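Everything below concerns the one structure shown next.
Each value in this text was obtained by applying a stated rule to the coordinates, not by laboratory testing. Note that the coordinates shown come from a computational prediction; the quantities given were computed from them, not determined experimentally. Quick reminder, even Gly has a Cβ in these numbers, built from the backbone with ideal geometry, and neighbours come from all protein chains shown.
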Amino acid sequence: MSLRITLLLLAALIACAMVAVTTQHKARKLFVELERERAKAKQLEVEWGQLQLEQGTWATHARVERIATRELNMKLPVATRIEVVAPVAPGARP
């Protein structure tokens with residue numbers, strides 16, 4: 001009778017050990033994946049900052065004006081042809 005209990009307890013102990021090992025392995029895999037994703041997120045943040053700087057460079061007033069005059073042959077209109085329009089508040093009728 002005690003041999004049965006001993007074998008049963010041994011089987012339960014082996015099963016618990018297998019579950020613990022499997023759980024630890026899954027936890028380590030998930031941690032590695034989490035670190036990989038954090039590194040990717042950090043890289044994307046750096047890239048985002050670089051893109052914002054680049055956008056700021058491409059959209060500077062002087063650059064836009066230079067392209068407009070040199071490449072597109074655009075010119076400022078005569079002062080008498082410029083008309084200033086006041087903004088209308090949202091929901092207000094003109």
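May I ask you to list pairs of residues, at least six apart or on different chains, whose Cβ atoms are under 8 Å apart, with the first in region 70-88 being basic (Lys, Arg) and the second being surrounded by 10 or more Cβ atoms within 10 Å (Cβ to Cβ)?
Every condition considered, the pairs that remain are LYS75/THR69.
Of the residues in region 61-79, how many are in a helix (DSSP H, G or I), among the hydrophobic types (A, V, I, L, M, F, W, C) and loosely packed, with under 10 Cβ neighbours inside 10 Å?
Going through region 61-79, the residues in a helix (DSSP H, G or I) turn out to be 61-70, 79.
Retained after the next criterion (residues that are among the hydrophobic types (A, V, I, L, M, F, W, C)): 62, 64, 67-68, 79.
Next, only the ones that are loosely packed, with under 10 Cβ neighbours inside 10 Å stay: 62, 79.
Looking only at that region, the number is 2.
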